[in-house]
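Asks: The structure's right below; bear with me while I get my questions together.
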Amino acid sequence: MSILISAKSILPRRMPELDTLRGIAVLLVLFFHGFHLTPIHAAHPSAVTRLFLLVTAGGWSGVRLFFALSGFLITGILLDARSSPRYYADFYYRRALRILPAYYLILIVLAVVSYLGIADRRVGWPFLGLSAIYLANMTAFFGVVSQYSVLWSLAVEEQFYLLWPGVVRLFTQRGLLVVCAVLLIGCPSLRAYYYLHGYEAGAGYTWLVADSLAGGAVLAILVRGSLRSPKELGFVAIGVGIAAVAIFMAGIPYGIYLSRTMAGNVVRQTFLNLFFTTLVAAALALGSTRYGYLFRIRWLKFFGDISYGLYLIHMLTFDMVDHFGRRVVPWAYSTAQEFPTVVVRFLVGSGLSIALAYLSRWYFEERFLELRDRAKSTPPVAIPTVEEQPAAS
């Protein structure tokens, strides 16, 4: 379903380009987890294989693209509805119907699978309890091990949904830009503080990653304010892109691509935030031009449509493939294998994940989306429906 943008903005109402970006984001995560969090490792990889693994090693960054998209979409929804007397009720009702059914379903599935012992992963009740109240990114504070790591970004998003509506309602657009600037500067500063004091600067605490959401929020504000045309948005994309490249180039001598360095812990995320904000801005700017086809790729849109379910289920599916794989083909897990064996494991796990995500999207999640779309609402201004997805990791 194409994303709809408010008529108040400088953009066309339909923006299918963002569905494509969502597809890119979930595939980045899928390839990272499928090839780098695996018990099967390739022996004697070729140069091509090493290059492939080097590229997919950055797939974890897909979460930052999800955050940039969410920052843009959610801020836009809230800005467009700010004068509505049902501002909070409509927003939380629609968010609940979009997120909660699939989210709590995966928690139930994790509990059942762990009880039956049909996956290598065991998820305990303490972690499930914290995840149920969207604290999966803060389990360390409670002495609980994170046993299904992809849920951390959903916790960040839900905390964003809880706090951001009040911020948008309270501040003017100029004030919101100031808030975003504080986040864009403050979060890297906090990451630096964590790193210098021996804490985990790469942790998924909301106050360490909120700048990923702020970049998209700035775009939502600009297209409803100071920017007068998609062309001007294109200039913004170019400027932010240049800043991203400059930060990356300046950080290379300091190991910006290494998580064990100061630059890697602090500045790398800033680079990624700027890069993905550039990508979102470019998609928005080019969407109404003859180059819009670059961001309208049908097979990527397919993955964008099922991205929420695919993000939620894929790690469990890989775990179950490994659980049964050790019993059916134990030799594949006992020693290092040729790379094709790793690929087969990825194809089986990802294929099952895609099938389950498709079924979830169109035969489970869709039922709740229909309820959402049938909901009676009488805002003072016409607010178009926006099909926005939560982020992934």
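The values are calculated or read from the model by the stated rules, or taken from the named source; none is laboratory data. Note that the structure is predicted; figures quoted are calculated from it, not measured. For neighbour counting, all protein chains shown are included, and Cβ atoms are generated from backbone atoms with ideal geometry for every residue, glycine included.
Asks: Which one of these is modelled with pLDDT of 95 or more, over 18 Å from the mean Cα position of the chain (by Cα), among the aliphatic types (A, V, I, L, M) and more than 19 Å from G215 (Cβ to Cβ): I108, I40, I99?
Replies: Numbers: I40 fails: modelled with pLDDT of 95 or more; I99 fails: over 18 Å from the mean Cα position of the chain (by Cα).
Criteria check complete, one pass: I108.
Asks: Sticking with this one: Name the single residue that is farthest from A220 (Cα to Cα) among those in segment 130-176 being of a type in the set (G, A, S) and surrounded by 22 or more Cβ atoms within 10 Å (Cβ to Cβ).
Replies: Looking only at segment 130-176, we keep the residues that are of a type in the set (G, A, S), and these are 131-132, 136, 140, 143, 146, 149, 153, 155, 166, 175.
Those still in the list that are surrounded by 22 or more Cβ atoms within 10 Å (Cβ to Cβ) too: 131, 136, 153, 155.
Numbers: S131: 29, A136: 28, S153: 21, A155: 22 Å.
Of everything passing the filter in segment 130-176, S131 is farthest from A220 (Cα to Cα).
Asks: Would a scan of segment 282-293 turn up a residue that is under 16 Å from the mean Cα position of the chain (by Cα) and either part of a helix (DSSP H, G or I) or closer than 28 Å to G351 by Cβ (or both)?
Replies: no
Asks: So, one more: Can you name the residue in segment 264-294 that is without any contact (Cβ under 8 Å) to a residue 40 or more places away in the chain and more than 19 Å from G215 (Cβ to Cβ) and, of all such residues, is surrounded by the fewest Cβ atoms within 10 Å (Cβ to Cβ)?
Replies: Per the stated criteria, the residue is R290.
Asks: Answer yes or no: is there a residue in segment 82-90 that is among the hydrophobic types (A, V, I, L, M, F, W, C) and crowded, with 18+ Cβ neighbours inside 10 Å. It would help to see each step written out before you state the result.
Replies: From segment 82-90, those among the hydrophobic types (A, V, I, L, M, F, W, C) are 89; that's our starting set.
Retained after the next criterion (residues that are crowded, with 18+ Cβ neighbours inside 10 Å): none.
No, there is no match, as no residue in segment 82-90 is among the hydrophobic types (A, V, I, L, M, F, W, C) and crowded, with 18+ Cβ neighbours inside 10 Å.
Asks: If L371 meets every condition in (1) without any contact (Cβ under 8 Å) to a residue 12 or more places away in the chain; (2) more than 15 Å from I40 (Cα to Cα) apart from one, which number is that one?
Replies: (1)
Asks: If L294 passes every condition in (1) modelled with pLDDT under 95; (2) out of contact with any helix residue (DSSP H, G or I) (no Cβ under 9 Å at 6 or more places or on another chain) but one, which one does it miss?
Replies: The number of the failed condition is (2).
Asks: Between residues in segment 128-140 that are over 12 Å from A203 (Cα atoms) and residues that are part of a helix (DSSP H, G or I) and of a type in the set (S, T, Y), which pairs lie under 8 Å by C-beta distance while being six or more apart or on different chains?
Replies: From residues that are over 12 Å from A203 (Cα atoms), the pairs are L130/T139; A132/Y104.
Matching residues to (1) buried (at least 16 other Cβ atoms within 10 Å of the Cβ); (2) closer than 27 Å to Y88 by Cα; (3) modelled with pLDDT under 95; (4) out of contact with any Phe, Trp or Tyr (no Cβ under 6 Å at 6 or more places or on another chain):
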{"position": "S307", "(1), (2), (3), (4)": "yes, yes, no, yes"}
{"position": "I313", "(1), (2), (3), (4)": "yes, no, no, yes"}
{"position": "L347", "(1), (2), (3), (4)": "no, no, no, yes"}
{"position": "S353", "(1), (2), (3), (4)": "yes, no, no, yes"}
{"position": "E365", "(1), (2), (3), (4)": "yes, yes, no, yes"}
{"position": "E370", "(1), (2), (3), (4)": "no, yes, yes, yes"}
{"position": "R374", "(1), (2), (3), (4)": "no, yes, yes, yes"}
{"position": "T385", "(1), (2), (3), (4)": "no, yes, yes, yes"}
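Asks: Considering only segment 78-97, state which residues are in contact with a helix residue (DSSP H, G or I) (Cβ under 7 Å, 6 or more places away or on another chain) and either under 28 Å from L274 (Cβ atoms) or not charged (D, E, K, R) (or both).
Replies: First pass over segment 78-97, keeping only residues in contact with a helix residue (DSSP H, G or I) (Cβ under 7 Å, 6 or more places away or on another chain): 78-79, 81-82, 84, 87-88, 91, 94-95, 97.
Answer for segment 78-97, where residues must be in contact with a helix residue (DSSP H, G or I) (Cβ under 7 Å, 6 or more places away or on another chain) and either under 28 Å from L274 (Cβ atoms) or not charged (D, E, K, R) (or both): L78, L79, A81, R82, S84, Y87, Y88, F91, R95, L97.
Asks: Return the residues of segment 206-261 that are closer than 27 Å to E157 by Cβ, aromatic (F, W, Y) and either touching a residue at least 12 places away in the same chain (Cβ under 8 Å) or part of a helix (DSSP H, G or I) (or both); say none if nothing qualifies.
Replies: If the condition is that a residue be closer than 27 Å to E157 by Cβ, aromatic (F, W, Y) and either touching a residue at least 12 places away in the same chain (Cβ under 8 Å) or part of a helix (DSSP H, G or I) (or both), then W207, F248 are the ones that fit.
Asks: Follow-up question, since we're still on this one. Can you name every residue in segment 28-48 that is surrounded by fewer than 19 Cβ atoms within 10 Å (Cβ to Cβ), assigned to a helix (DSSP H, G or I) and either touching a Leu at 6+ places or on another chain (Cβ under 8 Å) or touching a residue at least 24 places away in the same chain (Cβ under 8 Å) (or both)? Give the steps one after another, and end with the answer.
Replies: Taking segment 28-48 and keeping what is surrounded by fewer than 19 Cβ atoms within 10 Å (Cβ to Cβ), we get 36-39, 41, 43-48.
After this cut, where a residue has to be assigned to a helix (DSSP H, G or I) as well, the list is 36, 47-48.
Correct list: H36 only.
Asks: Could you list all residues from segment 110-124 that are buried (at least 16 other Cβ atoms within 10 Å of the Cβ) and in contact (Cβ under 8 Å) with a residue 60 or more places away in the chain?
Replies: At the first step, the residues of segment 110-124 found to be buried (at least 16 other Cβ atoms within 10 Å of the Cβ) are 110, 113-114, 119, 121, 123.
If the condition is that a residue be buried (at least 16 other Cβ atoms within 10 Å of the Cβ) and in contact (Cβ under 8 Å) with a residue 60 or more places away in the chain, then L110, V113, A119, R121 are the ones that fit.
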